[in-house]
Amino acid sequence: MDSDTLRGALAAALAFVLPVACAGCDAPDEVLCARCRTALLPAVVARSVAGLEVRSGLVYDGVAARVIRALKEDGRTGLARPLAAGLTAAALTASWPPADAVVAVPTSRASMRRRGYRVAELLARRAGWRTEPLLRLGRPTADQRALGRVERAGNVAGSMRARPCAGRRILLVDDVVTTGATLQEAARALREGGAEVVGAVTAAATPRRLALAR
């Protein structure tokens with residue numbers, strides 16, 4: 001039994017003991033109610049991050065924000081599947097060259113210890129994509145959540161290293177794009193390793209400088 005299956009079995013067992021509430025609205029006895037599932041239907045938005053086109057399945061607000069926080073902070077891994085539909089929709093709206101590798105933005109050791117899973121990697125798997133571990137963190141970074149734009153960029157600058165990837169065409173995957181600093185750093189490392197980064201997809205994007213993707 002793999003780790004995701006085990007976590008799912010444990011979650012199902014706990015549901016008999018602990019009260020379950022909708023991750024989007026707290027409605028009782030629902031993991032995700034019908035209204036909140038509808039709110040998670042993809043509405044792809046796009047932005048450019050230092051020349052990198054980033055497409056996102058949802059705007060990080062309201063129900064989407066609550067569900068993503070539940071996935072990231074409350075261990076509710078079953079929510080990855082409805083969120084992953086946004087990754088697929090985001091990729092389908094793009095006109096990038098075909099990628100031959102999907103790379104999830106790496107997770108810090110502290111986050112991995114706290115959660116027990118890598119959020120971006122889990123989302124990619126639920127979208128049906130096999131990720132390749134071509135990126136790693138070369139040094140620790142601070143939690144980005146409390147940092148502003150300039151601080152975020154400085155926090156992650158030079159923090160990632162790419163494994164040998166010359167000639168590869170990469171699609172980057174992350175959970176949420178805020179300032180784009182993390183995706184920019186990931187793209188930098190891969191390009192220095194000789195790869196072409198064709199674009200990036202995320203489950204959601206914070207509501208700034210967004211355009212509806214066509």
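Throughout, read-outs are computed from the coordinates displayed, never taken from laboratory work. Keep in mind that what you see is a predicted model, and the values were worked out from it rather than measured. Every residue, glycine as well, gets a Cβ built from its backbone with ideal geometry; the counts of neighbours run over all protein chains shown.
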Open item on the list: Placing unit charges on C-beta atoms (Lys and Arg positive, Asp and Glu negative, everything else neutral), compute the dipole magnitude of the stretch 50-110 about its Cα centre in debye, rounded to 20.
Closed with: 240
Open item on the list: At 10 °C and a viscosity of 1.306 mPa s, what translational diffusion coefficient does Stokes-Einstein give for the stretch 14-79, taking Rh as the Kirkwood radius over Cα pairs? Give it in µm²/s as a whole number.
Closed with: 121
TODO: For Glu53, list long-range residues whose amide hydrogen, built 1.01 Å from N in the peptide plane, is under 5 Å from its own amide hydrogen.
DONE: Ala200
Open item on the list: Taking R0 as 35 Å, what FRET efficiency do you get between Ala166 and Arg130 from their Cβ-Cβ distance, rounded to the nearest 0.05?
Closed with: 0.95
- [ ] Work out the length of the dipole vector of the stretch 32-85 about its Cα centre, built from +1 on the beta-carbon of each Lys and Arg and -1 on the beta-carbon of each Asp and Glu, and round it to the nearest 20 debye.
- [x] 160
Open item on the list: Give me, ordered by chain and number, the residues 5 or more places off Val177 or on other chains with an amide H under 5 Å from its own placed amide H.
Closed with: Ala204, Ala205, Thr206
Task: Amide proton proximity set for Ala101, modelled H, under 5 Å, gap of 5+ - done: Arg169, Leu171
Open item on the list: Give me the one-decimal Kirkwood hydrodynamic radius in Å for the stretch 74-133, with the sum taken over alpha-carbon pairs.
Closed with: 12.5
Task: Label zone at Arg37 (point 7 Å along Cα-to-Cβ), backbone N below 19 Å, the stretch 82-118 - done: 82-89
TODO: Could you tally the net charge around Val63, taking each other residue with its Cβ under 10 Å from the Cβ of Val63, Lys/Arg +1 and Asp/Glu -1?
DONE: +2
Task: Under Karplus coefficients 6.51, -1.76 and 1.60, residue-wise ³J(HN,Hα) of the stretch 78-94 in Hz, glycine/proline x - done: x, 7, 5, 5, x, 5, 5, 4, x, 4, 4, 5, 4, 5, 6, 7, 8
